[in-house]
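**Student:** Sharing a structure here in structure tokens format.
Nothing in this text is a laboratory measurement; each read-out follows from the coordinates by a stated rule. Computed from a predicted model, the values in this text were never measured in an experiment. We place every Cβ from the backbone using ideal geometry, glycine too, and count neighbours over all the protein chains shown.
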Amino acid sequence: MYEKILIPLDGSEVGESALPYVGDLLSKLSPEVKVEVTLLQVIRPVRPYILGGGEVPDIAYTAKEIEEIKKKAIDYLNKAGETLRSKGATVKSRVGIGDASEEILKVAEEINADLIAMSTHGRSGLSRWAFGSVTEKVLRRGGRAPILTVRAPGKSEKA
């Protein structure tokens, strides 16, 4: 039975696609089953690339900027978890810093997750190659927990 569920979120509507599925799962469980859901958002430690001529350096966030980003992430995660709380789950919020797929697998191991539920943006072809797929990396590297992947609504196979 799924008693510890990890849901990685990236702050987008697409990223939240797994939330209703977990909510539906919670509705179908016996009230005696205590479920703990951990919502996770991972922050890259460097700013997004700024396009320009020549080389594009990575620019690290300052400690103050990281703390501000973490606070916003926790606020977002707490709001995103409201529906799951209303269905009886204990919801915890965590913010990781680093590579998203590595942080997801690390947190899944730390909390001893029974299930990882995450959405996929549905990219394919060149878009997938250029942007990578966190979901695919988590699936390939795997862990011991089963992984539920949810395709974002309205996404087709071709990108």
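**Student:** Evaluate the charge dipole of region 4-151 about its Cα centre and quote only its size in Debye, nearest 20, assuming +1 on the Cβ of each Lys and Arg and -1 on the Cβ of each Asp and Glu.
**Tutor:** Values: 22 positive and 20 negative charges, 49 e Å.
Computed charge dipole of region 4-151: roughly 240 debye.
**Student:** Right, another one. Leaving out same-chain residues fewer than 8 places away, which lysines sit with a Cα under 22 Å from that of Lys79?
**Tutor:** Partners found: Lys4, Lys34, Lys70, Lys71, Lys87, Lys92.
**Student:** I've got another one for you. So how many Å³ per residue does the convex hull of the Cα atoms of region 4-151 work out to? Intermediate results must be reported in sequence, preceding the final value.
**Tutor:** On the way: hull volume 17.5 nm³, N = 148.
About 118 Å³ per residue, rounded to a whole number.
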